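Following: one structure in structure tokens, then a few remarks.
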Amino acid sequence: MADQIILRHVTKKFTTKTLGDIVAVDDFNLEVHEGECFSFLGPSGCGKSTTLRMIAGFEDLTEGEIELCGRLVSSRAKNLYVPPEERGLGMVFQAFAVWPHMNVFENVAFPLRIQKVNRTDLERRVNEALRHTSLTGLETTFPSDLSGGQQQRIALARAIVTNPKVMLLDEPLSNLDPKLRETMRFEIKALQRKFNFTIIFVTHDQSEAMAISDRMMVCDMGRIMQIDTPENLYNKPCNRFVHNFLGESTFINVVIRDGKVYASGDMEQAIALDIPKDAAPEMVVATRPNEIALTGPDQGGYRTHVEKRIFLTDRTEYLVPVGDQMVKIQTPHRISFSEGEACCVKFMEPMWYPMDDKQAELERARRQLV
Ligand code: ATP
């Protein structure tokens, strides 16, 4: 598969009045393959939109270069900058970016009118785009008379009408209710199969990204944390941040002494775990709440008790003390313990990470103030 979007050492710095310099995007290197659906995922302020805007050409680079479909479109070193309208991209952004004074047909026809496409071709292509987005019959309707989902479909139709090779979608579903979001997700994937474009999808919603993507980039504070398939990101997160960002996490601070693992606050009872080779004396053990076995007190494991039990629709949740920490465990309903009951816990194939990076927490908080 050819690489259709390539970022090499892309960096973007902003100077803000209150906080001075912010490195919004710090040395991004990535390749998106032809026909791939690739998501940018991360918390607010991590640099997703800035990266997308640089690819689109709305934002210049502080350093690095960007290649689209084999053509250099931005390069700091070569002082090269191709404007957005010459990059051949389809774009759909968060706000319903449809023109209220134009009817559905004219909204979708707009990019073709700019390109001076002749009338016959224009009508044929607009009608085709409307058909693929289930808008046929609404040609003369104005956006204000349509639902949020239909308005977002207009934006999609307008993006596909030029038959772009690359589609940039920046939180395109965020204004829609959850059911409609799911439907639109399928529609976007169906359109992609039909027209075979490459998608970059920006979102801070991890389940949405996992559902739609072939691969994803998780970033935090302007840095790429990990690029991988949804499955690998979930099962083998490279650090604590990614672990916590994708799905629910349970972290336990542990101390390693004489080849044994102890939960902090309890140096009496060891936890049976294989210690990784490069482990420091203090580490964090990470697991998912549904990957901790909760068993009777004589069945082996770390002996403790159930502090709290919460019955939910599809599972039961328990809070169980391990050393001086409270661990969340989720089990199917058939595993039932009452509050105060003695139990044992076993951690199944956890990940190991270094202790907290306090500096990262401070920087994350600082950025949220910008
Ligand atoms: P969100 O999900 O909230 O849109 P994001 O991950 O897309 O967040 P960006 O919008 O790319 O994040 O912003 C990254 C960082 O750059 C933030 O700290 C932001 O405050 C800063 N930033 C973005 N645009 C500007 C600007 N024009 N001037 C100054 N700082 C900016």
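Going out from 0 in 5 Å bins, what whole percent of all Cα-Cα distances in the stretch 69-125 drops into each bin?
4, 14, 19, 18, 17, 12, 9, 5, 2
Can I get the semi-axes of the stretch 127-282's equivalent ellipsoid? Compute them from the C-alpha gyration tensor as square roots of 5 times the eigenvalues, in angstrom, largest first. Mind dumping the intermediate values first?
Numbers: eigenvalues 443, 48, 25 Å².
For the stretch 127-282, the ellipsoid semi-axes come out as 47, 15, 11 Å.
Jot down the radius of gyration and Dmax of the stretch 120-186, Cα atoms only, both in angstrom.
12.3, 39
Kindly state, to the nearest 0.05, the FRET efficiency for residue 307 paired with residue 236, given R0 = 35 Å and r defined as their beta-carbon distance. Please report the intermediate quantities before stating the final value.
On the way: r = 31 Å, r/R0 = 0.88.
Working from the Cβ atoms, E equals 0.70.
Could you give the radius of gyration (one decimal) and Dmax (whole number) of the Cα atoms in the stretch 234-335, in Å?
Gyration radius and largest Cα-Cα distance of the stretch 234-335: 14.2, 43 Å.
Return the distance in nm (one decimal) between the two label points of a simple spin-label model at residue 101 and residue 278, each offset 7 Å from Cα along Cα→Cβ.
The answer from the label model is 6.1 nm.
Cut-off 13 Å, label point 7 angstrom out along Cα-to-Cβ of residue 293: give me the residues of the stretch 249-283 whose amide nitrogen falls inside.
What the label zone holds, given the 13 Å backbone N cut-off, is 272-273.
Taking the simple approach of a point 7 Å from Cα along Cα-to-Cβ for both residue 196 and residue 339, what is their distance in nm?
Result for the modelled spin labels: 6.1 nm.
What trypsin sites (Lys or Arg not before Pro) in the stretch 253-329 are in a loop by DSSP, with at most 14 other Cβ atoms within 10 Å of the Cβ?
Details: sites: 257, 260, 277, 303, 308, 309, 315, 328; in loops: 277, 315.
Sites meeting the loop and neighbour criteria: 277.
For the pairs 179/236; 78/165; 12/78; 165/189; 165/194; 189/236, note any where the Cα-Cα span goes beyond 18 Å. The partial results should precede the final answer.
Details: 179/236 30 Å; 78/165 25 Å; 12/78 16 Å; 165/189 14 Å; 165/194 12 Å; 189/236 26 Å.
As for pairs spanning more than 18 Å Cα to Cα, those are 179/236; 78/165; 189/236.
Would you mind working out the magnitude of the charge dipole of the chain relative to its Cα centre, with +1 at each Lys and Arg C-beta and -1 at each Asp and Glu C-beta, to the nearest 20 Debye?
Values: 44 positive and 51 negative charges, 209 e Å.
Computed about the Cα centre, the dipole is about 1000 debye.
Span-like helices, the chain: DSSP H, alpha-carbon axial extent 15 Å or more, mean Kyte-Doolittle -1.0 or greater, which ones? Could you put the intermediate results ahead of the total?
Values: long enough: 104-114 (16 Å, 1.00); 119-132 (20 Å, -1.59); 148-160 (18 Å, -0.16); 178-195 (26 Å, -0.92); 358-368 (16 Å, -2.18).
Membrane-span-like by this rule: 104-114, 148-160, 178-195.
How big is the convex hull of the Cα atoms of the stretch 27-136, per residue, in Å³? Each step should come with its number before you reach the end.
Numbers: hull volume 17.2 nm³, N = 110.
Here the figure is 156 Å³ per residue.
What translational diffusion coefficient, to the nearest whole µm²/s, does the stretch 17-89 have by Stokes-Einstein, given a Kirkwood radius computed over alpha-carbon pairs, a temperature of 10 °C and 1.306 mPa s viscosity? List each step's numbers first, then the result.
Numbers: Rh = 13.5 Å.
Roughly 118 µm²/s, to the nearest whole number.
Quick one: Debye curve from the C-alpha atoms of the chain, no solvent, what's log10 I(q)/I(0) at q = 0.07, 0.10, 0.13, 0.14 Å⁻¹?
Scattering profile of the chain, log10 relative to I(0): -0.42, -0.77, -1.07, -1.15.
Please identify every one of the trypsin sites (Lys or Arg not before Pro) in the stretch 18-81 that sits in a loop by DSSP and has no more than 14 other beta carbons within 10 Å of its own beta carbon. Walk me through the intermediate numbers first.
Details: sites: 48, 53, 71, 76, 78; in loops: 76, 78.
Qualifying residues, ordered by number: 78.
Just flag the chymotrypsin sites (Phe, Trp or Tyr not before Pro) in the stretch 1-92 sitting in loop per DSSP whose Cβ has no more than 16 other Cβ atoms within 10 Å. Write out the running numbers ahead of the final one.
Working: sites: 14, 28, 38, 40, 58, 81; in loops: 58.
Counting only loop positions with at most 16 other Cβ atoms within 10 Å, the chymotrypsin sites (Phe, Trp or Tyr not before Pro) in the stretch 1-92 are 58.
For the full complex of protein chains and a 1.4 angstrom probe, list 295, 140 by accessible area with the highest value first. Walk me through the numbers on the way to the answer.
Details: 295 30, 140 110 Å².
Per-residue accessible area, sorted high to low, gives 140, 295.
Measuring with a 1.4 Å probe in the full set of protein chains, what accessible area per residue, in whole Å², belongs to the chain? Please report the intermediate quantities before stating the final value.
Values: 18440 Å² over 370 residues.
Normalised by residue count, the accessible surface of the chain is 50 Å².
In debye, nearest 20, what is the charge dipole magnitude of the stretch 232-339 about its Cα centre with +1 on Lys and Arg Cβ and -1 on Asp and Glu Cβ, if you could check?
Working: 12 positive and 14 negative charges, 58 e Å.
Its charge dipole is roughly 280 debye.
Relative contact order, percent, of the chain when contacts are C-alpha pairs under 8 Å separated by at least 6 residues?
Values: 736 pairs, mean separation 55.7, N = 370.
For the chain, the relative contact order is 15 percent.
How would 249, 44, 39 rank on accessible area, largest to smallest, probe 1.4 Å? Spell out each step's value before the answer.
Working: 249 30, 44 100, 39 0 Å².
These residues rank, largest area first, as 44, 249, 39.
How do 305, 33, 101, 9 rank by accessible surface area computed with a 1.4 Å probe, from largest to smallest? Mind dumping the intermediate values first?
Details: 305 70, 33 45, 101 130, 9 105 Å².
I get 101, 9, 305, 33, largest accessible area first.
Roughly what % of DSSP beta bridges within the chain run antiparallel, to the nearest 5?
Working: 61 of 79 bridges.
Just about 75 percent of them are antiparallel.
The values are calculated or read from the model by the stated rules, or taken from the named source; none is laboratory data. Since this is a predicted model, take the numbers as computed values, not measurements. Glycine gets a Cβ as well: all are built from the backbone with ideal geometry, and neighbour counts include every protein chain shown. We work out accessible area using only protein heavy atoms, side chains counted, and drop any ligands, DNA or RNA first. Shrake-Rupley method; radii C 1.70, N 1.55, O 1.52, S 1.80 Å.
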